[in-house]
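This report concerns only the one structure given below.
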């Protein structure tokens, strides 16, 4: 099994980048099996790409570390001697330790002593020590240059990272605390005689010397690739790389060197995130089974497909270059496959099909990985021209790699240069120098950096606040709070300032064992919060930012902070439209502190909106006006006065045209009034601030009703009429607008229905019912008149039924029926009116008569309508009688083909004078024509051939009856009569009276058996018609389908409507 440390391409394994996939397949670790791929045409590699690959594959120690450790169990005693003392005994004793202290020349830099001796570590120069045992000297003779010094550490002391000497720059060593006894160290300089590149902390000069010719040759070759994508060593699986500061030390060092070399010849250097997707078979439950994540791709059994792409390409400072990058694998990539060995690292996303063979733990799936790459563009390319290297990039890159063991003195000039130009990129400069300040634990450098960078971008100078948290941890909060206060003071974005306080408090409260930091941060944050509220800037035009500002203010300061600062500022500086949008966005916002805070906030915004609401006018109309008003009313529940003011705005319509007023009623008044009637309490509705406005809006609604039948309008009137506290207002408005109502039958119908419902209500006192009856009769007059005007269309039946039912519901005097309905129920308007309107009305009217026991009132109407139909039927039959009225004798027509059957059926019982049979073949046309000539007399029908059709025209008296007006009259009449006959015979006799046998004979024909005892029609009573305790409130739309007394329904509830053209025999 390969070790993870080496597979992450550390400095010791860079050379593995150039190994081929075949080498990986032949490895004997068994971690991943990659199937052999078909041979493809080899991509031609440029010499520049190959040269760069060869150079980068060497061990340049870009990580900047060089260390080796090995223990020798049988090492000889060195016989160590110190001048002026003699031989030092090993193991070291107290006597010899004190002797070493006596001859030591200095305390070792970076040492910390114990509490008792105050010294900690002592150093003896190499000139004062000697090794008397030759065997020990021979042990290191091939690797050791010379003994450099002798170091003694006592109990409780330690050695922090420190520089070895001026002649070995960058070389440091360290030692942890000594828990007991002593530690004696003999320090040597080592020599490497094996590596091609001599071991050293830095090979920067040698690398630049070797890479420069490669870049120059690449630049001068116009046929060379325009870019090369080089995969960096470290894995970056968490997030895409944003800039060079996100890179690890080794990658950062390499990028800095490439940028240094490229800057002299005009190359462009960028960073990209390599997205790799691997598909194959893997053990997706590895962690669940083994309790740990898989290492080195252990969970993969087979990888079948590899895919890689380069996304989010940026400059070294973090400026975007492109969202995705096209490249030629191999010709423009190092290594050829950017997904090489990626399965050995951590993945950031996966998906599985969960389909596997029984007993097999491996399933098919996909894993996604992220790597980082440096992209080098040749001079003259579009990218290189647009994105030249920034002058601050190189000094910032070197500072971003600072560690605690690096001397600051060597970087003072770079720090000064970077600070003097921080205005060019304050975010990049801040991230770089704050990193160095933390590494050196230099609070003054952190303050200088923050002070300079915040002049240009304040808190935005910090790419993320982790830099600040690290600084507080390393330098202490007290050392930074003054500079943080100035940064907040100079920031012009209130939301960003509050966000910073919120994140700082969250970070401080989450630190383990740092209650002092938490307390200090809370005290400082409270002061800064009050300062921010006292120095608020202009509001953002983005609603989301304002919502977040309100949320954070409530979170950090509570409802009082909102009421006293942010809300007044928002309300003063915003118009009504903005306040309503803001209120709607806050209404269901999940992150507000509590419902109490939300309610207070919404009330304040709604109250501030009312005075700013514009009145409806010709140039102002919004589709959202109704919804906006309802929203405001909902959040003004605690103030009837403000609710009345919001409604009053809707009554100011003097500036609107007539058409606009109707539109205003339809789209605004009706939905708002319905909302008010349904949601306001009775106490609020009766308030002196609200009821006058409701009356005004209702008056407007009745004066400008919709020009069509609108259910929502009818629902509004029904809801208002159903409210006891609004009834007087409704009655008054209807009485006031009778003239306007008479022009709109639908509106009159809605008012009639509301009055009827009120009449039937148990809450209505008997003393009020006569007035309601009178009101209904007064409204019925224009309503019925509107039904008798115009041509009969068949739609009047339901409206007539509604009018009659309304009259019955209010228990009107019988004497009032004839003046209202005689003209409506007469057949004098013609045959069409009889067939299309009156006859289809009969079934439902019979049910209504039974329900209200109104036989004495309505029986004469039934008899009149049906006798008129009998007369029409007899007249039609008489006009069509004659010698030729007998059916044609077609018994000799023996052909039973489908077409012949259709023709014979028509000839025997024609329903129309002319018909056409279409889409017939020539043979079939000839066949039918011959049979017609043989069996149909010329005086009975005329048969004509037209192309692929046969047209038959019936002559003389062959039709069974004269065609009635309208194509659909006969089926409608037949259906109506059939439904009428389903009532109990007792009901039919009471309805038809002395005309029972005559009418039933006409309907049923010989099937009717004359009654032996006739039920006489009772005389019309002079008192009002008795009514059942009905609470029906339906509008003139359709009759209820449930059975009423006297109504007959089929046992199986089937719909046995007659088929088309089917006649009722009679």
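Miscellaneous remarks
- Between the C-alpha center of the stretch 395-410 and that of the stretch 654-668 there is a gap of 75 Å.
- Full extension of the chain segment joining residue 587 with residue 911 gains 109.9 nm, where the gain is 0.36 nm per residue of separation less the Cα-Cα distance.
- Spin-label model distance (nm) - residue 902 vs residue 951, 7 Å beyond Cα toward Cβ: 1.7
- Computed FRET value (nearest 0.05) for residue 289 with residue 368, which takes r as the C-beta separation and R₀ as 22 Å: 0.50
- Prolate/oblate/rounded call for the stretch 396-521, Cα gyration tensor, a/c under 1.5 rounded: oblate
- C-alpha center-to-center spacing [the stretch 418-478, the stretch 84-103] in angstrom: 49
- Computed over the Cα atoms of the stretch 465-624, pair by distinct pair, the Kirkwood hydrodynamic radius stands at 17.4 angstrom.
- Residue 216-residue 94 FRET efficiency (beta carbon distance; Förster radius 60 Å; 0.05 resolution): 0.35
- Mean Cβ neighbour count within 10 Å, used as a protection proxy, ranking 915-923, 52-60 highest first: 52-60, 915-923
- Relative contact order for the stretch 613-787: 19 percent, from Cα pairs under 8 Å spaced at least 6 residues apart, divided by residue count.
- Working from Cα pairs under 8 Å separated by at least six residues, relative contact order for the stretch 574-687 is 27 percent.
- Estimated D of the stretch 883-954 in µm² per second, where Rh is the Kirkwood radius over Cα pairs and Stokes-Einstein applies at 37 °C, 0.692 mPa s: 265
- Global form of the stretch 299-356, assessed from the alpha-carbon gyration tensor, a/c cut-off 1.5: prolate
- When peptides 578-587, 484-493 are sorted by average Cβ neighbour count within 10 Å, with the highest value leading, the order is 578-587, 484-493.
- Pairwise centroid distance, computed over Cα atoms, of the stretch 888-958 with the stretch 247-278, Å: 94
- Chain lengthening between residue 895 and residue 486 when straightened (0.36 nm per residue, less Cα-Cα): 136.4 nm
- Based on Cα contacts under 8 Å between residues 6+ apart, the stretch 393-537 shows a relative contact order of 19 percent.
- Pairwise FRET efficiency - residue 134 versus residue 105, Cβ, R0 = 35 Å, nearest 0.05: 0.85
- Gyration tensor (alpha-carbon) shape descriptor, the stretch 613-787, a/c threshold 1.5: oblate
- Stretching the chain fully between residue 319 and residue 615 yields a gain of 101.6 nm (0.36 nm per residue, less the alpha carbon separation).
We did not get these values from a lab; they are worked out from the coordinates using the rules stated. These numbers were taken from a predicted model, which means no experiment stands behind them. Using ideal geometry, Cβ is built from the backbone for each residue, glycine included, and neighbour counts are taken over all protein chains shown.
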